[in-house]
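See below for the structure under consideration.
Nothing in this text is a laboratory measurement; each read-out follows from the coordinates by a stated rule. Since this is a predicted model, take the numbers as computed values, not measurements. Cβ sites come from the backbone with ideal geometry, for glycine too, and all protein chains shown count toward neighbours.
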Amino acid sequence: MPRFVILRHATPAGYARPTHFDLMFEWGDALRTWAATEFPAPGIEACAQELAPHRLAYLDYEGEVAGDRGSVTRVAWGEYELVESSPAVVQVHLRGASIFGILQLSRTEAETSLWKLLFSPGPRAHT
């Protein structure tokens, strides 16, 4: 099963994007990545911007980010199952130690990198 990680990305003062959460999903030989304004939580609708794919090394990395872009801390990780993937919607079932449920990203408009993020917790199943 592919892996995911959610990193808290603390950016330096004056950086173009304020501190945010990087949602990263193992997608072939790279990580499909979104920068979200909020940590996924029930009842919270967050904005997320899709970023360029990242290196798989970020699945296990914590520390400084090159180019004076701040630092990252792992706040959630585990495996996920892809439920839906289309140009307009990506839905995954997260199975992590600290987060478990359905995460859905919906594109806000065609041909944009902006997405809406919703999270619904689910019952933990024994696998």
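Let me see the P(r) profile for the chain: every Cα-Cα distance counted, bins of 10 Å, each bin given as a percent of all pairs.
13, 47, 33, 6, 0
Which value, in debye to the nearest 20, gives the size of the charge dipole of region 3-121 about its Cα centre, when Lys and Arg are +1 and Asp and Glu are -1 at the Cβ? Intermediate values should be presented prior to the final figure.
Details: 10 positive and 15 negative charges, 29 e Å.
That gives region 3-121 a dipole magnitude of about 140 debye.
Each residue of region 27-35 in turn: what ³J(HN,Hα) in whole Hz from Karplus with 6.51, -1.76, 1.60 and θ = phi - 60°, glycine and Pro shown as x?
Here the 3J(HN,Hα) series is 9, x, 9, 8, 10, 6, 9, 10, 9 Hz.
Bins of 10 Å, beginning at zero and ending with the bin holding the largest distance: percent of Cα pairs per bin for region 27-80, please.
19, 53, 27, 2
Tell me, what ³J(HN,Hα) does each residue in region 3-17 have, in order and in whole Hz, if you take phi through Karplus 6.51 cos²θ - 1.76 cosθ + 1.60 with θ = phi - 60° and put x for Gly and Pro?
9, 9, 8, 10, 10, 7, 9, 7, 9, x, 4, x, 5, 4, 10
Collect residues whose amide H, placed 1.01 Å from N in the peptide plane, falls under 5 Å from the amide H of VAL65; neighbours closer than 5 in sequence don't count.
The answer is GLY70, SER71, VAL72.
With r defined as the distance between the Cβ atoms of SER113 and THR73 and R0 fixed at 22 Å, what FRET efficiency is calculated, to the nearest 0.05?
Values: r = 24 Å, r/R0 = 1.10.
Working from the Cβ atoms, E equals 0.35.
Using the Cβ atoms and a cut-off under 13 Å, what net charge is assigned to the surroundings of TRP34, where Lys and Arg are +1 and Asp and Glu are -1? The partial results should precede the final answer.
Details: positive: ARG17, ARG32, ARG107, LYS116; negative: ASP22, GLU38, GLU50.
After counting each charged neighbour, the total is +1.
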